[in-house]
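Derivation of every value follows stated rules applied to the coordinates shown; laboratory data play no part. Model, not experiment: these values are computed from the prediction. A quick note on method: Cβ atoms are made from the backbone with ideal geometry, for glycine too, and the neighbour counts reach across all protein chains shown.
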Amino acid sequence: IAKLSLEDYIGAEEDASIAIEHNPFITDAYEVRGVARQNLGQYHEAISDYEKALSMLPENRGIMFNKALAQEEIKDYDNAEKSFDELLQAHPGFDNGYIGRAQLRLAKGDTINALYDINKAIELNKNATNAYVLRADVAIKTEKNYQQALDDMNEAIKLQPHYAGFFINRAFLRYRLDDYFGAMADYDYAIQLDPFNDVALFNRGLLRAEVHD
């Protein structure tokens, strides 16, 4: 677990395997090894570990969630959605479960049901930052509703005011709404937060060229 926290995924996998050799009924060891393998891109092996852990703890929320994410990584969308469905049947108040299923449904092109999940996540947790970001993305891609997307990005920024990526996203929306001053201010602040952010620097350069600076 310490190695996992230090992002030493190879070491974490090795230690978890040794623990399992000593005692094949330690549920935490399968979960830790699954997370390590998932971070190493070994998704099939991670799923196998999660399934073993779930055979002992069939309704463990974290393990169910990670298994669904691993299935999504290998584009096994049908089984991933089934896993999310089982997770939310067992834990209907788990907002991150709805966000995860929404991301999956967006990957499948199912924006209607994805939007249902996003709204459900926000209903359960008004501080679900990722739900606002996802809803903004849906508003842009389905309706080009930049004002609605801007409203959601404002909520995300209130909740996480020190993440440069959100200011870059908002700058794009402000630009689309012809608020060049606001867009420039957002790029400036994003670069204050992350001085070597290439996206913010490049986009600010484009905007400055457009306004003849």
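I'd like the FRET efficiency for GLN192 and GLN147, computed as 1/(1 + (r/R0)^6) with the beta carbon distance as r and R0 of 25 Å, rounded to 0.05.
Numbers: r = 26 Å, r/R0 = 1.04.
Given R0 = 25 Å and the Cβ-Cβ separation, E is 0.45.
Estimate the FRET efficiency between ASN125 and ILE1 by the formula 1/(1 + (r/R0)^6), using the beta-carbon distance for r and 22 Å for R0, to the nearest 0.05. Walk me through the intermediate numbers first.
On the way: r = 26 Å, r/R0 = 1.20.
Working from the Cβ atoms, E equals 0.25.
Sort 165-172, 179-186 for me by packing, meaning the mean count of neighbouring Cβ atoms within 10 Å per residue, highest on top.
Working: 165-172: 23.1, 179-186: 17.5.
Packing proxy ranking, top to bottom: 165-172, 179-186.
Check the straight Cα-Cα distances from LYS75 and name the lysines below 19 Å, setting aside those fewer than 8 residues away within the same chain.
LYS67, LYS108
Rounded to two decimals, what is Rg over Rh for the stretch 79-213 when you use alpha-carbon atoms and the Kirkwood radius?
Taking Rg over the Kirkwood Rh, I get 1.05.
Give me the Debye-computed log₁₀ of I(q)/I(0) at q = 0.11, 0.15, 0.16 Å⁻¹ for the stretch 61-131, equal point scatterers on Cα only, no solvent, two decimals.
Here log10 of I(q) over I(0) equals -0.21, -0.40, -0.46.
Would you mind getting me the FRET efficiency between ASP28 and LYS108? Use the beta-carbon distance for r and R0 = 41 Å, nearest 0.05. Before the final figure, lay out the partial values.
On the way: r = 33 Å, r/R0 = 0.79.
Taking R0 as 41 Å, the efficiency between ASP28 and LYS108 is 0.80.
What are the principal axis extents of the Cα atoms in the stretch 24-84, in Å, biggest first?
Extents along the principal axes: 30, 24, 14 Å.
Cα convex hull of the stretch 1-143: mean projected area in nm², to one decimal?
Dividing the Cα hull surface by four gives the mean projection, 8.7 nm².
Sum -39500 (n - 2.57) across every DSSP H segment of at least 4 residues in the chain, then divide by the residue count to get the 222 nm mean residue ellipticity, nearest 500. Spell out each step's value before the answer.
Values: 13 runs with 163 residues, N = 213.
Taking each H run of at least 4 residues, the total per residue is -24000 deg cm²/dmol.
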